[in-house]
Amino acid sequence: MAGHGQLLSPCKNLEEDLVLFHYGELPAPEHFSLEQHLSGCANCTAYLKDLSALMPLTIKADDPPETFWLDYNRELRHKIAATRDKSWWSAKFGAFFQPRLLTAFGAIAVIAVALTLTLGKGVWQSRDLPREDEALMEVLPMAEDLDFFKTMDVLDNLDVLEFMASPEGAA
Amino acid sequence: MRTGDEELVAAAQEGNQQAFEELVERHKQKAYHIAFDFCRDREDAKDLSQEAFLKAFVNLKKFDGRSSFYTWFYRILVNLCLDYKRRLKRSPTDSFDETLENQMERSHEPNRPRSPDQQVLAGQISRKVDAALQALPAKQRTAFLLKNHQGLSIKEIAELMQTAEGTVKVHLHRAVTALRHSLAEFV
């Protein structure tokens, strides 16, 4: 490595081909024509040399010891076993918590509550109240109605009132 | 005759655990090394590659064989690695450089004795390279790591990244150009 840090620019239109050439990915026809170009182009040749020198530097080897792989296998087996147990429980009980079933259960609950409130209203009232209270409940509106009927009596006598207000009546 | 991945997958889908363990045995080293390329940390690489195997195990029944197991599995792994990178970006307290400092010393060509000067230079190069790789956009970095480090073909990378081969070539070219400029001092 020279370390001077000066880079020569390759032919702009060939830069991508040079990268593919470096990695052996350039198809045969282009590969051949690029080789011909390289024999007469110092910049493109230098570019390829740069890639050959620099790209391997980016690779970092890691070669873990045998014990690492033994731990690796053991840990993975535990994780898989835990996942399998979890999925067994999910299969057994998870069905109850599926979104579709939850929606269905919710809908059924709402319908049940609505039906109970609609149809069971009278049944609950008669069951909840003692007989004496029931009688009282029937009498109370009647008492209120009596006042009303008293008012109605006055209204029935409207003819008398009109007569009393008239000059004949006053006389 | 060695059983193919497809047969092992079929057996594993039927609940044969040994078949799945054989798949793990076949792919664990490559999976680990891909994960290591992304995270540069031995423990994290182990966790990421194991997580990929777990995901594969859980979703094995959904694998329909339209792509090869190899492609399907490494797609899971690469996605996990990219998620790892995103998580790392969100939590700046987990210093990537710090992790590298600790890890690289033991992971870099472990058996070769070096002089102090060589060690200093290797450390400088390592830091510079890591910074340059970190600076790459995710897709460029992925294409570059899979090509330069793992030696996958452009076609395989395109399948893993679920993109066109032309797009992979563009990502690779941009990554190489950026790295060449970042590492110019070592030429």
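The values are calculated or read from the model by the stated rules, or taken from the named source; none is laboratory data. Bear in mind that the values here come from a model prediction, so they are computed numbers and not experimental data. All Cβ positions, glycine included, derive from the backbone under ideal geometry; neighbour counts span all protein chains shown.
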- request: Check A:Thr58 against each of (1) within 8 Å of chain B (Cβ to nearest Cβ); (2) of a type in the set (S, T, N, Q); (3) loosely packed, with under 12 Cβ neighbours inside 10 Å; (4) within 50 Å of the chain's Cα centre (by Cα) and name the one condition it does not meet.
  value: (3)
query: In this structure, is B:Ala10 part of a helix (DSSP H, G or I), hydrophobic (A, V, I, L, M, F, W, C), crowded, with 18+ Cβ neighbours inside 10 Å and not assigned by TED's automatic domain parsing to the domain that holds B:His149?
result: no
query: When both residues are 6+ apart or on different chains and their Cβ atoms are under 9 Å apart, which pairs have a first residue that lies in region B:27-41 and is away from chain A (no Cβ under 11 Å), and a second that is surrounded by fewer than 21 Cβ atoms within 10 Å (Cβ to Cβ) and not in a helix (DSSP H, G or I)?
result: B:Lys30/B:Gln150; B:Ile34/B:Gln150
field: Lone qualifier among A:Leu14, A:Leu76, A:Leu20, A:Leu48 - being within 27 Å of B:Gln118 (Cα to Cα), of a type in the set (A, V, I, L, M) and crowded, with 16+ Cβ neighbours inside 10 Å
entry: A:Leu48
- request: Among the residues of region A:86-118, count how many are at pLDDT 70 or above and surrounded by 10 or more Cβ atoms within 10 Å (Cβ to Cβ).
  value: 18
statement: Apart from one, (1) touching a Ser or Thr at 6+ places or on another chain (Cβ under 8 Å); (2) within 13 Å of chain B (Cβ to nearest Cβ); (3) at pLDDT 95 or above all hold for A:Leu38; the odd one out is (2)
- prompt: Which condition number in (1) more than 10 Å from every other protein chain (Cβ to nearest Cβ); (2) surrounded by 19 or more Cβ atoms within 10 Å (Cβ to Cβ) is the one that B:Asp64 fails?
  reply: (2)
query: For B:Gly166, are the conditions met, namely being free of Cβ contacts under 8 Å to residues at least 40 places away in the same chain, out of contact with any Asp or Glu (no Cβ under 6 Å at 6 or more places or on another chain), surrounded by fewer than 19 Cβ atoms within 10 Å (Cβ to Cβ) and under 20 Å from B:Lys30 (Cα atoms)?
result: no
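Can you confirm whether A:Ala28 is out of contact with any strand residue (DSSP E or B) (no Cβ under 7 Å at 6 or more places or on another chain), away from every other protein chain (no Cβ under 14 Å) and modelled with pLDDT under 90?
When the stated conditions are applied, A:Ala28 does not pass them.
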statement: Per the filter on region B:143-165, residues closer than 15 Å to A:His22 by Cα, hydrophobic (A, V, I, L, M, F, W, C) and outside any helix (DSSP H, G or I) are B:Leu152
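Out of region A:4-25, which residues are in contact (Cβ under 8 Å) with a residue 24 or more places away in the chain, charged (D, E, K, R) and more than 10 Å from chain B (Cβ to nearest Cβ)? Before the answer, list the steps.
First pass over region A:4-25, keeping only residues in contact (Cβ under 8 Å) with a residue 24 or more places away in the chain: A:7-11, A:14-15, A:18-19, A:21-22.
Still in the list and also charged (D, E, K, R): A:15.
Passing the criteria: none in range.
Could you please let me know if B:Val176 is out of contact with any Pro (no Cβ under 9 Å at 6 or more places or on another chain), closer than 21 Å to B:Ile76 by Cβ and either among the β-branched types (Val, Ile, Thr) or more than 7 Å from every other protein chain (Cβ to nearest Cβ) (or both)?
Values: out of contact with any Pro (no Cβ under 9 Å at 6 or more places or on another chain): yes; closer than 21 Å to B:Ile76 by Cβ: no; either among the β-branched types (Val, Ile, Thr) or more than 7 Å from every other protein chain (Cβ to nearest Cβ) (or both): yes.
Against the criterion (out of contact with any Pro (no Cβ under 9 Å at 6 or more places or on another chain), closer than 21 Å to B:Ile76 by Cβ and either among the β-branched types (Val, Ile, Thr) or more than 7 Å from every other protein chain (Cβ to nearest Cβ) (or both)), B:Val176 does not qualify.
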